[in-house]
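Q: Sharing a structure with you now.
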């Protein structure tokens, strides 16, 4: 799976997090692929996406 295949999904997630003021990071191999892809470096494909989300409190978690 290439990052370009997931662009619509990643854009939707990014817009949703921005609307809800949620801090997040794209992590794992997908993050590396996007980073390397921008530099023109070719690497192996992956089939998963990993996110980490900062939740500031229990109240925010249950929103």
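Q: Do we have residue 11 as at pLDDT 80 or above and in contact with a strand residue (DSSP E or B) (Cβ under 9 Å, 6 or more places away or on another chain) here?
A: Numbers: at pLDDT 80 or above: yes; in contact with a strand residue (DSSP E or B) (Cβ under 9 Å, 6 or more places away or on another chain): no.
No.
Q: What pairs come out if I take residues in region 6-23 that are touching a residue at least 12 places away in the same chain (Cβ under 8 Å) and pair them with residues that are assigned to a loop (DSSP other than H, G, I, E, B) and surrounded by fewer than 10 Cβ atoms within 10 Å (Cβ to Cβ) whose C-beta lies under 6 Å away, six or more apart or interchain?
A: Every condition considered, the pairs that remain are 23/54.
Q: Restricting the search to region 34-49, which residues are at pLDDT 75 or above and within 14 Å of residue 9 (Cβ to Cβ)?
A: At the first step, the residues of region 34-49 found to be at pLDDT 75 or above are 34-42.
Of everything in region 34-49, just one residue is at pLDDT 75 or above and within 14 Å of residue 9 (Cβ to Cβ), namely 34.
Q: Another one. List pairs: first residue in region 34-63 and within 25 Å of residue 7 (Cα to Cα), second residue modelled with pLDDT of 80 or more and loosely packed, with under 10 Cβ neighbours inside 10 Å anywhere in the structure, Cβ distance under 9 angstrom, at least six positions apart or on different chains.
A: Qualifying pairs under 9 Å: 55/61.
Q: Mind listing whichever residues of region 7-33 are surrounded by 12 or more Cβ atoms within 10 Å (Cβ to Cβ) and either within 30 Å of residue 59 (Cβ to Cβ) or under 10 Å from the mean Cα position of the chain (by Cα) (or both)?
A: Here is the first cut: in region 7-33, the ones surrounded by 12 or more Cβ atoms within 10 Å (Cβ to Cβ) are 10, 13-14, 17, 22, 24, 26-33.
Answer for region 7-33, where residues must be surrounded by 12 or more Cβ atoms within 10 Å (Cβ to Cβ) and either within 30 Å of residue 59 (Cβ to Cβ) or under 10 Å from the mean Cα position of the chain (by Cα) (or both): 10, 13, 14, 17, 22, 24, 26, 27, 28, 30, 31.
The values are calculated or read from the model by the stated rules, or taken from the named source; none is laboratory data. For clarity, every value in this text was computed on a predicted model and none was experimentally measured. Cβ atoms come from the backbone with ideal geometry, glycine included; neighbour counts cover every protein chain shown.
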